[in-house]
Amino acid sequence: MSGKFGLGNYSSRKHISISVPSSTEVMSPHIKSVEELRVLGINLNSFNTPTQFFICVAGVFLFYLIYGYLQELIFSVEGFKPFGWYLTLVQFGFYSLFGLVELQLTQDKRRRIPCKTYMIIAFLTVGTMGLSNTSLGYLNYPTQVIFKCCKLIPVMIGGVFIQGKRYNVADVSAALCMSLGLIWFTLADSKIAPNFNVTGVILISLALCADAAIGNVQEKAMKLHNGTNSEMVLYSYSIGFVYILMGLLSVGGLGPAVSFCSQHPVTTYGYAFLFSLMGYFGISFVLALIKLYGALVAVTVTTGRKAMTIVLSFLFFSKPFTFQYVWGGLLVVFGIFLNVYSKNKDKMKLPSLAELRKRVLSGRKVRLLSQDV
């Protein structure tokens, strides 16, 4: 509803128009001021921007590195590989419980993001995590991680179509470098450890598509409605839990999984609890990165984390090795650098080609003069 309040004399009929947004406009009524952004009890607003970024990156690396180790450890249990969807169900159940506890500890318990949006986010979350977990039954862990790292380009494409974003040449070059490096890594892996399966490739590719969309949808929803991290986790994962439960019941996959895990409770439910706890802590920092810096920066950080996960996977779990892994990894690192540079051009001023040529020529002149002396 809009109203106008007139000021001034009646002869000139001058007035000041004040528009009040109507209830049908797409705007959250909760966006009144910048509220505190807390992650695991840490008020990030009390820190400056570089410290906020450092805290978020440190949290992502710490918790997700442990998460990746536990994930590979669970799938190393003999006979567990067919039950990736059940692991995702247990994971979503723990996430919902953790989110409910965290939401109860906050003063503001309102749900700000519409249920329709949460149903979409939950569907995408089920796709990216469920298909990713299930793909480990068909692919080795480093190959799965490599495929997941390739989501930078889909995220950029999703940013263009979902949020109308435009990316510069440096961002596009970064995405290309990362993808080429990861492809190189994958080809090397296929040569020395041909453990590929078409089903696994299809599953992880579909997970990438869902993962590419979810960051942009979360970013748009959290900025539009000013939703909190705990709210996002609680509603998206609890709705996703219902989706997976209905799916497992419909295909009869719940009984065998429960029977197997009941025979190995420590190595399944025990590891799954720690695995979910680390993932919950990690997703809290990822959501903070999305809210503060956007989906592309969050994906860049998580891509770097995945590269570190691959290194640790080779250290803790015996696998064949080739130096092509190193060259592919270096190309990925260069892509990450390009992306960081594109976001901080003012602070990271690199010399142009003309300046480099000038410096080289001046250096030659200095050497010639020193030889003449």
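Just so it is clear, none of the values below were taken in a lab; they were calculated from the coordinates. For clarity, every value in this text was computed on a predicted model and none was experimentally measured. FYI the Cβ positions are ideal-geometry reconstructions off the backbone, even for glycines, and counts take in every protein chain you see.
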TODO: Report the FRET efficiency, 1/(1 + (r/R0)^6), for L105 and A58, where r is their Cβ-Cβ distance and R0 is 22 Å, rounded to 0.05.
DONE: 0.45
- [ ] At 0.36 nm per residue, minus the direct Cα-Cα distance, what do Y269 and Y167 gain on full extension? Give it in nm, one decimal, please.
- [x] 32.4 nm
TODO: Determine, for each peptide in 279-285, 110-116, the mean count of other beta carbons within 10 angstrom over its residues, then list the peptides with the highest first.
DONE: 279-285, 110-116
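If you add up the charges near V101, with Lys and Arg at +1 and Asp and Glu at -1, over every other residue whose beta carbon is less than 15 angstrom from its beta carbon, what do you get? Write out the running numbers ahead of the final one.
Numbers: positive: R38, K109; negative: E102, E231.
Counting the neighbours of V101, the net charge comes to 0.
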Task: Ranked packing of 120-133, 63-76, 244-257, most packed first, by mean Cβ within 10 Å - done: 120-133, 63-76, 244-257
